[in-house]
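Structure first, then comments.
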Amino acid sequence: MTALLSIAGLQKSFGAVVVADDTSFDVAQGEAVGILGPNGAGKTSLFNLITGALPPDAGRITFEGADISATSAARRCKMGIARSFQVPQPFGGMTVFENALVGAMEGAGLRGHDAENHVLSVLEDTGLLPKANVRAGALTLLERKRLEMARALSARPKLLLLDEIAGGLTEAECTALIETIQRVHANGTTIIWIEHVVHALLAVVEKLIVIDFGKKIAEGAPKAIMDSAEVKEIYLGVDPDV
């Protein structure tokens, strides 16, 4: 499969703290990739590097064959890279519809009826259409998580980055969210998903990448990665000699 995103030799440090240590991997068009790692491993920093919120110290980020390492975050969004945040950050005083409309207008460049119709379609896909006229500040946690995804999807992304979107949900809420993400992926959207709720991740992704202290330590098929003694030791705290 053709690589939509390529990360090559990515380096980023804050003083002695290394958040990307010669990180390299490819994400194919239409692929769903999960990223695992303990707290502080550099997962969210990796998203910040991909989206342009952080500049790399070294290395290269290529999207659709173009080097975007020095491209602004706004430009990357317009090119088709969108993300959700670990802590939902809606415009609380605006309605659900208005929040998603921002993504459609600023990310996808849509206007008028085209923007409105696109947002309504996204809200239907994410289960938020009944809440379209509700202020975002009044939503439940699950609804705010869905709105994070809806706002990103409204930008018509080719690459969707999800940052711990299942965290804090009940089992039933998590199941509903998984079904939504599966539907988004089935529609052809490429996904990179950071998540601590492992069973949710495994229900969607085709490949896992594990990072620790900013360094990629494993990449491959989900079952093989989860059975790896090194991954169990670093991520799950299991002694491989036991």
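The values are calculated or read from the model by the stated rules, or taken from the named source; none is laboratory data. A quick note: this is a predicted structure, and the numbers were derived from the prediction, not measured. Cβ sites come from the backbone with ideal geometry, for glycine too, and all protein chains shown count toward neighbours.
A few remarks follow.
- Scanning segment 130-159 for residues that are outside any helix (DSSP H, G or I) and touching a residue at least 24 places away in the same chain (Cβ under 8 Å) gives Ala132, Asn133, Val134, Arg135, Leu139, Ser154, Ala155, Arg156, Pro157, Lys158, Leu159.
- Filter result (modelled with pLDDT under 95 and crowded, with 21+ Cβ neighbours inside 10 Å) within segment 181-193: Ile181, Val184
- Residue ID - nearest to the chain's Cα centre (by Cα), chosen from residues in segment 73-89 that are of a type outside the set (Gly, Ala, Ser) and not in a helix (DSSP H, G or I): Arg83
- Just one of the listed residues (Ile234, Ile178, Ile209) is under 11 Å from Leu36 (Cβ atoms), in contact with a helix residue (DSSP H, G or I) (Cβ under 9 Å, 6 or more places away or on another chain) and either at pLDDT 95 or above or surrounded by fewer than 22 Cβ atoms within 10 Å (Cβ to Cβ) (or both), and it is Ile209.
- Residue among Ser24, Ser6, Ser45, Ser13 that alone is farther than 28 Å from Val197 by Cβ, assigned by TED's automatic domain parsing to the domain that holds Glu164 and polar (S, T, N, Q): Ser13
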